[in-house]
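Undergrad: What follows is a structure written as structure tokens; I'll ask about it next.
Read the figures in this text as sums done on the coordinates, not as results from a lab. Values in this document were obtained by computation on a predicted structure and should not be read as measured data. When we count neighbours, we look across all protein chains shown, and the Cβ atoms used for this are built from the backbone with ideal geometry, even at glycine.
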């Protein structure tokens, strides 16, 4: 019997999440899957009956190549957390009713630690009712904060973007012969993996950022200002990378020291912004030099035009490994990346119990941050550098990168009619 | 006799300004120039005696290829305006003394309308003292606001960046199935050339931004909010491009409606920022939907990694044309780009009197903006599309774009010792 499979995408966008989708699709097709469905807007959309037939949407080899280069989630995503089983039995029943209706035997979910919670809960519920469906997670997050896996697909491309932009920003900052401080705000609520990648900019043709501040280390504002002042005694143009999630010692976010509007995402996480602005204003007031605040904002998660080929390839492989695992009977697992060696860089996929991953966060080890908490160590750089290697050149049409557009999804979801 | 030449870079950085420097250098060398000097930090640095010998810095063909791909100003730039002759005679005397000391016969200055003021004043002063030195300007500005020339080197690459990022941001905005408004702030104090380029994102695989607001049209905030509300009746994810320089009907900048700190650049122009933030906060308060403010900030002027090959090629040609002009006796001129045809795109260089260009600004013609002032017309797109064509693929080393580092400049200027 040809088994039907379904795949969904969940959580924040990355430049690599669609490569994992391609990995699932291609591998399922090659391994003789029956129907290959995609959930539209993840489990939330699926609950409302939104899904599509991926074979209708990914038809040619060009479609596959375009999809690998398309940022954000092709199928649409959600930030929906399943209730505990006892509190939302009818939701689980509805999901399994829909899965059974489509005769699904393998369920794939591409996402981060919040999304792995979905895999965990569905696996556990499925076990409790004796469902034959296998549930396998595929890691995805620019934040690189998943446990067990060496790193996560999406991180390498974001790190490559950050390193490249820092080089350009640092050079831009050198243009005038005057004192200036540029503060670059990078994503990372609790983990400094992305912000640390700013250090990649330090190479033969670039001095790199002067300091890097990550959420792992409490942030002392007065000390920070003194340090900037100190650096500026030797160097006019100072460039500093800060995580959006840095906090002062009493636990408050730096970005909350100002009185701007508060926004929350649908997981209830507060959206952090304004850290760079706050710090650059403080520097201006206290040191009097020209300052600039740059927020990478969503650009760092959607910059497919400068994606890492290593990252895209691994994202694709992770999707394929998930299909292989499910077809061989695994369930309740997430595909992990296991680094075998650094020089040459070798990495393979394996499986881990999703219960060890869901809802947990991996931070940057203290020993990969220098003693003062102002920069990463060479170990951090050896870890990240292989992940940004090589390019997946965009397919340019009429001067712009071309993407694969999801016609059906747009009809279903984006246009309200 | 072999003639010595000197070249300087002035005003804000672009991705193409170094291609013009290469054009000057290579053409001067090929035409048998004697010494080829570079002013460090423009006329301001030169006044203090900072210059370098370009032959020592640009030695190989690889150096030339790297320099074409290096953003910001290789020689360093300044925002220095020469005083009127009667008010600063000693400054002119000092400049000409230094030029004579180096036996300069041709002086090239790459910059925007403020920088062309320098060419104009030096030409006029040189005439008045019977100096044999020829002064020729080379256009450069991402703002595309110079008179007489069809467009300016630097604009095409910035427009390509803006179109590409808008595509990625629009796709990112579609990821969740919820109402959201993203406001993207783009440079442009008085002219909407850059912001209008956001419309490039509208193509087969992307709907493009929903609205575009440029400084040429007074901005009515209540009407804007009603329009967003209207668009959102048919479409959940709304993306809007705004110029940093839009003003409400009484002439105040939108970004001044908030109470943030004010900064000025060295030409005395106020630095504009916070327009997107202000508008997204207003939308959130009045319409209650999720909003996001994205400022491209310096990224739009330094993103050499996605430069337009047409732009870089023209910047190079403009540098070469300036040398040819000066060597043939022209002075007081700026090289202009003259478009011969659009399909196929053909463009050549010519010369124009710098007096017609200095200190003037070219705005987007009213008929290239739609009646409502909310988008550009197809004529605008036909104008800009040829300028973003083709890529100058970055030279990647260890996963990041490689640039040419100006060793001597760093020693002279950046490190304070």
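Undergrad: As a check on your grasp of the helix formula, calculate [θ] at 222 nm for chain A: sum -39500 (n - 2.57) over DSSP H runs of n ≥ 4, divide by the residue count, round to the nearest 500.
TA: -10000 deg cm²/dmol
Undergrad: Given C-alpha coordinates of the protein assembly as shown, what is the ratio Rg to Rh with the Kirkwood estimate of Rh?
TA: On the way: Rg = 27.5 Å, Rh = 27.7 Å.
Here the Rg-to-Rh quotient is 0.99.
Undergrad: Moving on to the next point. Could you check which residue among B:372, B:391, B:93 shows the biggest mean-square fluctuation in a GNM of chain B with a 10 Å Cα cutoff?
TA: Ranking B:372, B:391, B:93 by mean-square fluctuation puts B:372 first.
Undergrad: Percent antiparallel among DSSP beta bridges with both residues in chain B, to the nearest 5?
TA: Counting only bridges with both partners in chain B, antiparallel ones make up about 35 percent.
Undergrad: Additional query: What ranking do A:353, B:330 get, fewest neighbouring Cβ atoms within 10 angstrom at the top?
TA: A:353, B:330
Undergrad: Distances from residue A:344 to the same position in the other copies: list them in nm, one decimal, shortest first, using label points 7 Å from Cα along Cα→Cβ.
TA: Label-point separations across copies, in nm and ascending: 4.2.
Undergrad: Of all DSSP beta bridges located in the stretch B:155-302, what percent are antiparallel, nearest 5?
TA: Just about 15 percent of them are antiparallel.
Undergrad: Residue B:55 label points, 7 Å along Cα→Cβ, one per copy: pairwise distances from this copy to the rest in nm, shortest first?
TA: Its label point is 7.0 nm from the equivalent points in the other copies.
Undergrad: Let me ask another. Taking all pairs of distinct Cα atoms, average 1/r, flip it, and tell me the Kirkwood hydrodynamic radius of the stretch B:41-89 in Å to one decimal place.
TA: After inverting the mean inverse Cα-Cα distance, the result is 13.0 Å.
Undergrad: Across peptide A:390-403, what mean number of C-beta atoms from other chains lies inside 10 Å of a residue's C-beta?
TA: Mean shielding count: 6.
Undergrad: What is the ratio of the Cα radius of gyration of the stretch A:263-417 to 2.2 N^0.38 Å, where N is its residue count, to two decimals? Intermediate values should be presented prior to the final figure.
TA: On the way: Rg = 20.9 Å, N = 155, 2.2 N^0.38 = 15.0 Å.
Here the Cα radius of gyration is 1.40 times the empirical estimate.
Undergrad: Right, next: Counting only other chains, what is the mean number of Cβ atoms within 10 angstrom of the Cβ of each residue in peptide B:272-285?
TA: That average works out to 1.
Undergrad: If you build the Cα gyration tensor of the stretch A:155-302 and take the root of 5 times each eigenvalue, what three semi-axes come out, in whole angstrom, biggest first?
TA: One finds semi-axes of 23, 19, 13 Å for the stretch A:155-302.
Undergrad: Could you identify which residue out of A:146, A:272, A:178 has the top mean-square fluctuation in a GNM of chain A using Cα springs shorter than 10 Å?
TA: Largest GNM mean-square fluctuation: A:178.
Undergrad: May I ask you to work out the translational diffusion coefficient for the stretch B:118-228 at 10 °C, viscosity 1.306 mPa s, via Stokes-Einstein with Rh from the Kirkwood sum over Cα pairs, reported in whole µm²/s?
TA: Result for D is 94 µm²/s.
Undergrad: Pairing the Cα long axis of helix B:89-101 with the longest principal axis of chain B, what angle in degrees results, from 0 to 90 and rounded to the nearest 10?
TA: That works out to roughly 60 degrees.
Undergrad: Just counting partner chain Cβ atoms within 10 Å, what average do the residues of peptide B:292-304 show around their Cβ?
TA: Mean shielding by partner chains, rounded to a whole number: 6.
Undergrad: Which whole-angstrom value gives the distance between the alpha carbon centres of the stretch B:52-130 and the stretch A:179-193?
TA: 36 Å
Undergrad: Over the protein assembly as shown, what is the percentage of antiparallel beta bridges among all DSSP beta bridges, to the nearest 5?
TA: 35 percent
Undergrad: What are the nm distances, shortest first, from residue B:85 to its equivalents in the other copies, labels at 7 Å along Cα→Cβ?
TA: Output for residue B:85: 9.1 nm, nearest copy listed first.
Undergrad: Then there is this: In whole Å, what are the Cα extents of chain B along the three principal axes, biggest one first?
TA: Cα extents, longest axis first: 73, 48, 47 Å.
Undergrad: What is the packing order of peptides B:192-202, B:214-224, taking the mean over residues of other C-beta atoms within 10 Å and listing the highest first?
TA: Numbers: B:192-202: 27.3, B:214-224: 18.0.
Ranked from most to least packed, the peptides come out as B:192-202, B:214-224.
Undergrad: Report the Cα-based extents of the stretch B:244-288 along its three principal axes, largest first, to the nearest Å.
TA: 40, 21, 15
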